[in-house]
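Structure first, commentary second.
The values are calculated or read from the model by the stated rules, or taken from the named source; none is laboratory data. None of the values given here were measured: they were computed from a predicted structure. For neighbour counting, all protein chains shown are included, and Cβ atoms are generated from backbone atoms with ideal geometry for every residue, glycine included. Surface areas here come from the heavy atoms of the whole protein model, side chains and all, with no ligands, DNA or RNA. Shrake-Rupley method; radii C 1.70, N 1.55, O 1.52, S 1.80 Å.
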Amino acid sequence: MAPQRDAGADAEAELPEYAGHYRLESRLGSGGMGVVHLARSTSGMRVAVKVVHATYARDPEFRGRFRQEVAAARRVSGAFTAPVVDADPEAGRPWMATLFIPGPTLSEHVKRNGPMDEPQLRRLMAGLAEALRDIHRVGVVHRDLKPSNVLLAEDGPKVIDFGISRPKDSELRTETGKLIGTPPYMAPEQFRRPREVGPAADVFTLGSLMVHAATGRGPFDSDSPYVVAYQVVHDEPELTGVPDSLAPLVVRCLAKEPEDRPTPDELMRELRSVAAAYDTQVFIPAPRAERAESPREAGEEPAPRAPAEPSGRSERSARVVRRLGKRSALVAGALGLAVTGSLVAVQAFGGAEPARTPTAQSAPGGFGAWEAGPATKGGGMPQCSYAARRLLCARPGLVFAVDPADGSTLWRHPVEETVRDEPPVVSGGLVQPEVGLLGPLEALDPATGEPKWQEDMPPYDGLRTVGDMLLLTRADGMVTGVDSASGRTKWSRRIPGQAVPYFTSFAGERRPAAYATSPSADGKGTRVTAVDPASGDVRWDAELAGELKPVGAADGSVFLVAAEGATYGDVRTVVRYTPATGATRRVTLPIPVEQAQAGVRGDTVYLMGAGGSLVAADMAAGKQAWRLETGVSRGSSPVSDGRHVYVTAPDGRLLGVDARRGKLLGQTRPRLGPDSDKVPASLPAPLLAGGYVYAGAPDGTVFGVSGRDPAAW
């Protein structure tokens with residue numbers, strides 16, 4: 001498609017045909033600073049490219065602002081934004097390319113479909129609160145959040161346009177001529193103290209967005225930006241039409257003073273308190289009336305306005321006060337009833353004895369869903385594995401076994417040492433808790449949890465269970481092999497080519513191996529060594545190009561990922577190495593996956609990025625099969641049963657994705673504990689066994705659901 005002319009107020013003779021190597025196909029939207037185009041890379045990947053207007057490209061101040069936007073978008077890229085693919089702020093016409101995300105803006109959705117219903121509003125508020133939490137965590141304050149800057153993607157809202165000022169969005173400027181925002185969606189301090197604006201300003205805007213989504217208008221409404229500015233600073237918001245369950249939270253967001261507003265974490269906790277109201281299932285916008293929905297990256301169109309009301313602001317203030325009295329009582333009632341919201345079955349494993357045997361709720365295909373919850377507060381996220389027909393789990397100070405059929409606790413075993421970020425495993429027929437690196441080694445009977453042996457060991461820095469052996473690595477590079485069944489030392493030696501080997505192993509190998517890697521001095525290659533755990537002998541040794549990390553093994557091949565020139569370990573290349581033939585195959589991803597964790601199924605490598613990207617690399621076909629932006633920040637390693645891919649989110653949700661198409665099918669509810677403002681150091685991957693999917697959550701629970709139909713979760 002030929003590039004489209006800009007017919008807006010800032011019409012230009014002809015928009016460029018290319019931005020970098022991205023061919024511009026059609027215009028998605030236009031704003032004060034530039035035009036957003038649908039474009040394609042040379043490989044055919046669809047992206048959204050923002051190109052700055054020629055007028056502003058000649059302005060050094062606007063170039064500086066655009067550089068700031070690119071930098072801010074890159075810092076938060078992934079989970080709740082359109083990830084930045086490429087940018088050139090120094091080009092003749094500065095541009096930035098982001099991943100194209102199908103979906104309307106909030107402004108478009110409300111304009112074409114009317115106000116959202118209550119469940120949609122709850123999901124929107126929860127998603128925006130989570131987005132602001134992660135945006136603020138990296139030191140970014142948006143300052144210009146508005147309906148046209150929120151995309152309603154399939155997997156939740158995405159916030160776009162970071163840190164950019166638009167001189168045509170508003171008549172209001174500071175005394176230096178700098179734009180300070182869009183009046184209907186600005187906080188009072190943006191008018192009073194524009195240089196002191198902090199994260200709380202975005203929370204105020206969140207409240208305004210919720211009123212717009214619920215009513216089709218903002219909480220402060222006038223045709224004059226000056227009148228709106230006065231109303232934002234002095235008047236009470238108009239909340240008629242906002243659901244009773246959400247109004248108290250919206251009012252708190254719209255507090256005049258920043259310190260009186262909730263933080264995003266507090267919002268998330270309060271939304272969870274009304275458990276029946278906090279439904280985080282996939283947000284699928286309602287279809288547009290009259291014509292098909294055209295996906296956009298940014299529309300930047302003004303929000304629709306409702307007809308002016310004849311009543312004055314003093315009457316509105318009185319109505320707000322009267323409504324709040326009733327709504328507070330309603331919310332209090334909802335809080336009292338919320339505890340039975342969506343629990344299926346509950347079993348306590350934190351006390352001395354099981355509280356009760358949970359009853360499973362039938363699920364599709366005859367499976368039962370259950371949840372086993374701790375009886376004591378705190379305790380952290382359980383790390384679990386599946387072996388010996390049971391779930392073997394560990395939390396700080398406790399190792400325990402759970403019946404996978406109904407979630408009942410089979411046994412508990414207290415441990416003095418802190419359990420590492422690894423689940424217990426069965427090796428040599430015994431449970432190996434893999435506790436901290438200071439205490440003695442211990443093995444437990446999988447049937448009873450009783451200790452079978454305990455051995456003191458010299459200090460060691462690394463511990464890995466491989467096959468029927470425990471491999472201990474000392475700081476000087478000496479490796480000791482301990483028999484898992486007896487606790488006796490079988491061998492002790494150094495591994496050729498590996499100064500201090502810290503091993504990785506993968507379940508399911510017919511001949512389990514311990515893998516160690518060491519990069520070359522120049523960082524251009526990696527030595528990969530496979531060690532026989534029973535003897536310490538080297539099975540094979542290879543020098544491979546790139547800085548590599550093993551992530552899986554299947555069918556005689558080892559799969560590795562390469563972080564090529566990425567400061568934060570972004571993965572761009574996936575490698576398959578077959579030792580028997582020496583063959584190496586590499587797949588380069590169109591967009592790097594940030595700080596990726598990986599899982600392997602057959603010849604497909606699944607990558608879960610810290611920013612929310614889930615990618616399938618088909619090694620047989622030699623290409624990326626699909627990419628999904630999940631909205632999950634720092635999820636677990638993905639696992640697959642061939643039909644579905646499963647990922648655990650930091651808030652305890654379990655996501656199910658179609659393994660063939662890369663479409664999100666369903667997700668469980670959040671299960672956050674008292675420390676919901678903290679991100680777990682590591683997340684255990686979901687477990688697959690007997691048609692079930694099992695997972696642990698930050699509130700200390702372990703739960704199981706049917707893996708046959710994630711859409712039914």
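Rounded, prolate or oblate for segment 438-526? Axes are the square roots of the Cα gyration tensor eigenvalues, ordered a ≥ b ≥ c, and the cut-off for rounded is a/c under 1.5.
Numbers: a/c = 2.65, a/b = 1.72, b/c = 1.55.
Judged from the Cα gyration tensor, segment 438-526 comes out prolate (a/c at least 1.5, a/b above b/c).
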Original post:
Arg585 to Glu257: extension gain in nm, 0.36 nm per residue of separation minus the Cα-Cα distance?
Top reply: 112.3 nm
Original post:
Which value, in Å², gives the accessible area per residue of segment 219-259 when a 1.4 Å probe is used on the protein heavy atoms?
Top reply: 39
**OP:** Quote to one decimal, in nm, the extra length available between Arg46 and Arg493 on full extension: 0.36 nm per residue of separation minus the C-alpha distance between them.
**Re:** 155.6 nm
**OP:** Kindly state, to the nearest 0.05, the FRET efficiency for Asp709 paired with Arg661, given R0 = 22 Å and r defined as their beta-carbon distance.
**Re:** 0.90
Subject >> Cross-link pairs beyond the 26 Å C-alpha cut-off, checked among Lys111/Lys158; Lys158/Lys663; Lys146/Lys663; Lys50/Lys111; Lys549/Lys623; Lys111/Lys256 >> reply: Lys146/Lys663; Lys111/Lys256
**OP:** Find the centroid of the Cα atoms in segment 219-250 and in segment 461-531, then give the distance between the two in whole Å.
**Re:** 63
Subject >> Inter-probe distance in nm under a simple model that places probes 7 Å from Cα toward Cβ, at Asp555 and Ala620 >> reply: 0.5
**OP:** Using a 1.4 angstrom probe on heavy atoms only, work out the carbon and sulfur share of the accessible area of segment 52-112 in %.
**Re:** 49
Original post:
Rounded to the nearest whole Å², what accessible area per residue is found for segment 421-567 with the 1.4 Å probe?
Top reply: 45
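How much length, in nm to one decimal, is gained on full extension between Arg389 and Ala475, taken as 0.36 nm per residue of separation minus their Cα-Cα distance?
Working: separation 86, 0.36 × 86 = 30.96 nm, distance 3.63 nm.
Taking Arg389 through Ala475 to full extension adds about 27.3 nm, to one decimal.
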**OP:** Just order 692-705, 628-641 by mean Cβ neighbour count inside 10 Å, highest at the front, would you?
**Re:** 692-705, 628-641
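Assuming R0 = 60 Å, can you tell me the calculated FRET efficiency for the pair Ser535 and His21, based on Cβ-Cβ distance, to the nearest 0.05? List each step's numbers first, then the result.
Working: r = 53 Å, r/R0 = 0.88.
My answer for the efficiency is 0.70.
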Subject >> Cβ-Cβ FRET estimate between Ala689 and Arg193, R0 fixed at 60 Å, reported to 0.05 >> reply: 0.55
**OP:** In whole Hz, with x marking every Gly and Pro, tabulate ³J(HN,Hα) for segment 708-713 from phi via Karplus 6.51 cos²θ - 1.76 cosθ + 1.60, θ = phi - 60°.
**Re:** 6, 9, x, 5, 8, 5
